[in-house]
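Down below is the structure, laid out as C-alpha cells.
The values are calculated or read from the model by the stated rules, or taken from the named source; none is laboratory data. Here the structure is a predicted model, which means the values were calculated and not measured. Because the Cβ atoms are built from the backbone with ideal geometry, glycine has one as well, and the counts that use them run over all protein chains shown.
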C-alpha cells in the first residue's frame, strides 16, 4: 500500500510530463496528415461503415439501427484495445529515457491511454450525429456516459500497465497481444447483443461471455446510447468490479516488477 501511494504521488508530481507525452503522441500520429485530428472523427465512422456492411448485410445481424449499436460498442472497445496494444511496448520504446531520466515508469503507458482517450472523446461527436440520424438522439441516458468512460479508462489503465510490464520480461507478449485482441473482440458483445451468446447451444461460449471482463463495460455503453436507458444496477456493479479489478491486478504486477524492468531491457 505504501508503494502504491508513493507511486501515485510520483505520477501526480509528473503530471505535466504525462500531458507532454500525450501531446507528443498525438502530434506524431497526425504529423503531415492533411486531415489531422479529423481522423479521430473519421476512423470510427469508417470502421462502423465496413462492419455494418459485413454484419448487417452479409451475415444479416437483425437489429434496428444496427450502425448505432455497432458504433456504441466500438468506441469503448477501440479505447481499450488500441491502448493495450500500444502500451504493451511503451516501456521498451522508451527504455533509453528510462535508463537516463528518473521519472516514474508508469507515465509511459499512462500517456498512451491518455492520447487514445482524447480520440475517444472526439469520437463522441460522430456518435451523437449517428444517434440523431437513426432517431435516437442524445437524451437523459447519455448523462451516464462520463461515468461509463471513467470505468472503461480505469479498466484500460490497469490492462495497459500490466501488459507493458509483462512485455519487458516476455517479448513474445507484443505478438500475443495482437492475437489476444482479435479473439477478445469476437467474444465481446460489440456487434451482437448479449442474448445472442446466451442463447447459443454451446456452454463454453456462455462461460466465455461470463468470464469476459469487457462485456459489462460495453453493455453500459449500449444501454446509455443505443437503448436510451440507464444501465441496470447489476451491469454497473459488474462494470465497476471489472474496472477496479483490472486496476488492482495491473498496479500490483507493475509496482512489484518495475524495479526489475531496467535489468531486462
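Here are a few things to note about the model shown:
- Subset of region 125-137 [touching a residue at least 40 places away in the same chain (Cβ under 8 Å) and at negative phi]: 125, 126, 127, 130, 131, 134, 136
- Residue count for region 144-170, restricted to those that are exposed (fewer than 14 other Cβ atoms within 10 Å of the Cβ) and either within 18 Å of residue 74 (Cα to Cα) or in contact (Cβ under 8 Å) with a residue 60 or more places away in the chain (or both): 3
- Among the residues listed as 111, 102, 160, the single one being at pLDDT 90 or above and farther than 15 Å from residue 214 by Cβ: 111
- Under the condition of being touching a residue at least 24 places away in the same chain (Cβ under 8 Å) and not in a helix (DSSP H, G or I), the residues counted in region 172-209 number 6.
- Answer residue from region 218-240, given it is free of Cβ contacts under 8 Å to residues at least 12 places away in the same chain and part of a helix (DSSP H, G or I) and is surrounded by the most Cβ atoms within 10 Å (Cβ to Cβ) among those: 237
- Scanning region 241-265 for residues that are surrounded by 15 or more Cβ atoms within 10 Å (Cβ to Cβ) and within 21 Å of residue 73 (Cα to Cα) gives 242, 243, 246.
- Any chance residue 53 is surrounded by fewer than 19 Cβ atoms within 10 Å (Cβ to Cβ) and at pLDDT below 85: yes
- The single condition among (1) surrounded by fewer than 20 Cβ atoms within 10 Å (Cβ to Cβ); (2) closer than 29 Å to residue 257 by Cβ; (3) at pLDDT 90 or above that residue 95 does not satisfy is (3).
- For region 112-130, a residue qualifies if it is farther than 16 Å from residue 148 by Cα and crowded, with 24+ Cβ neighbours inside 10 Å, and exactly one does: 112.
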